[in-house]
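Structure first, then comments.
The numbers here are math on the coordinates, done by the rules we state, and not lab data. Since the model is a prediction, treat every value here as computed from it, not as a measurement. So basically every Cβ, Gly included, is an ideal-geometry build from the backbone, and we count neighbours across all protein chains shown.
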Amino acid sequence: MATLQLFESTDDAHCESIGPRAFVLRGFALPHADALVAAIADIEARAAFRNMVTPGGFMMSVALTNCGEFGWTTDRRGYRYTREDPETGKPWPVMPDVFSTLASRAASATGFIGFNPDACLVNRYLPGSRLSLHQDRNERDFDAPIVSVSLGMSATFLFGGHTRSDRTAKIPLHHGDVVVWGGVDRLRFHGVMPLKDEPHSVLGSQRINFTFRKAG
Ligand code: SIN
Ligand code: FE2
């Protein structure tokens, strides 16, 4: 994999290219990791992690919650964004400034200027949790990139092509890594392999992933 130092970054992150408009910023979130970890507890207290059911009737092994104006949900009726948490009927917790600032800085470090996310899906993986190949296509427009921040246990991210059967690259993601994909890569299939139980010094036996989107 080519290691590119394409963009100046004040965080001294290493930028790896995984597609024409897809990048891994190694360690980009590390300076903000403590603030991100602290925010998880706040979000969780207002909108608990839950295992949702897919339209096909399967329980997801990844537990999720959201913050921001819109939150991604799924049930037997389909995938969608809502302004309220369906479990409480209350708006999703406000997206902390540290989140939106980090997301927009990661986007601009990879050439996506002016990214202003209105949705942050928070995924919690435990040992054995996996995310099958999918496209992120419930957002209203695909001009904005997806920015994905990893904390805690390491995982293997699968980055495929535009059809499900395309070959996937296996990309190890560690605490503090950020992946950005947009433009011609915006609708590429992606997923996460079953998590191994290799506890992390801060988060223990879990991985938390934040994906920032422009949903509305
Ligand atoms: C996602 O596709 O929503 C999450 C990706 C990840 O956990 O790295
Ligand atoms: Fe996704």
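Candidates Val184, Val180, Val149: the one that is touching a helix residue (DSSP H, G or I) at 6+ places or on another chain (Cβ under 6 Å) and outside any loop (DSSP other than H, G, I, E, B) is Val180.
Condition check ((1) within 13 Å of ligand 1 (Cβ to nearest atom); (2) of a type in the set (Val, Ile, Thr); (3) assigned to a loop (DSSP other than H, G, I, E, B); (4) more than 22 Å from Pro31 (Cα to Cα)) across all residues:
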| position | (1), (2), (3), (4) |
| --- | --- |
| Phe115 | no, no, yes, no |
| Arg124 | yes, no, no, no |
| Pro127 | no, no, yes, yes |
| Asn138 | yes, no, yes, yes |
| Leu158 | yes, no, no, yes |
| Gly161 | no, no, yes, yes |
| Ser165 | no, no, yes, yes |
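Collect the residues in segment 123-168 that are more than 25 Å from Asn51 (Cβ to Cβ), surrounded by 15 or more Cβ atoms within 10 Å (Cβ to Cβ) and in contact (Cβ under 8 Å) with a residue 60 or more places away in the chain, keeping them in residue-number order. Matches in segment 123-168: Ala144, Pro145. Considering Leu151, Leu187, the condition of being touching a Leu at 6+ places or on another chain (Cβ under 7 Å) and hydrophobic (A, V, I, L, M, F, W, C) is satisfied by Leu151 alone. Within segment 194-215, the set of residues being within 17 Å of the chain's Cα centre (by Cα) and either surrounded by fewer than 16 Cβ atoms within 10 Å (Cβ to Cβ) or among the acidic types (Asp, Glu) (or both) comprises Pro194 only.
Selection of segment 187-216 for residues being within 13 Å of ligand 2 (Cβ to nearest atom) and not in a strand (DSSP E or B) yields Leu187, Arg188, Phe189, Ala215. Close contacts from segment 21-33, counting a first residue that is in contact (Cβ under 8 Å) with a residue 12 or more places away in the chain and a second that is among the small types (Gly, Ala, Ser) and assigned to a strand (DSSP E or B), with Cβ to Cβ under 7 Å and a gap of 6+ residues or different chains, come to Phe23/Ser17.
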